[in-house]
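Here the structure is laid out as structure tokens; the discussion comes afterwards.
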Amino acid sequence: MKNNILVAYFSATGTTARVAKKIAEVVNGDLFAIIPVKSYTEADLDWHNQASRSSREMQDKKSRPAIANQVSNMVAYDQIFLGFPIWWYQAPTIINTFFRKL
Ligand SMILES: Cc1cc2nc3c(=O)[nH]c(=O)nc-3n(C[C@H](O)[C@H](O)[C@H](O)COP(=O)(O)O)c2cc1C
């Protein structure tokens, strides 16, 4: 437990992961990657395809993609940074899953 700060993030292609790691270093916080049970393939991320997994998830307000891991002691943190890529102007629906698990 470093500084009671958690830097949690979801990253499908690594951009958010890089920034989250830098933030965790700067604030001296713990880093937690939100890992989907089913990782996103390139085809899943194709926003030109309305039938792709990401398009379907973002169109479905009830979409809650499963997360494979869990923060071990969330109550111990005083501050949480939450990082994610923007998908269709919003947070990916897996972030809603993360909130539901808190
Ligand atoms: C399905 C999908 C939808 C996206 N929608 C947006 C968007 O609405 N606005 C935007 O600026 N970027 C959008 N992007 C681009 C991502 O936000 C950008 O590539 C981000 O850096 C990816 O982060 P990651 O590498 O951590 O997954 C979208 C990317 C994907 C895959």
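At a glance:
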| item | result |
| --- | --- |
| Count of the range 65-92 residues which are farther than 16 Å from TRP47 by Cβ, within 10 Å of the ligand (Cβ to nearest atom) and exposed (fewer than 11 other Cβ atoms within 10 Å of the Cβ) | 0 |
| Residue that is farthest from the ligand (Cβ to nearest atom), among those in the range 1-56 that are farther than 25 Å from TYR77 by Cα and assigned to a helix (DSSP H, G or I) | ARG56 |
| Residue list for the range 57-87, filter: under 30 Å from ASN4 (Cα atoms) and assigned to a helix (DSSP H, G or I) | MET74, VAL75, ALA76 |
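Each reported figure results from applying straightforward, stated rules to the coordinates on display, with no laboratory input. On a predicted model such as this, the values are computed, not experimentally measured, just so you know. Cβ: placed from backbone, ideal geometry, glycine included. Neighbour counts: every protein chain shown.
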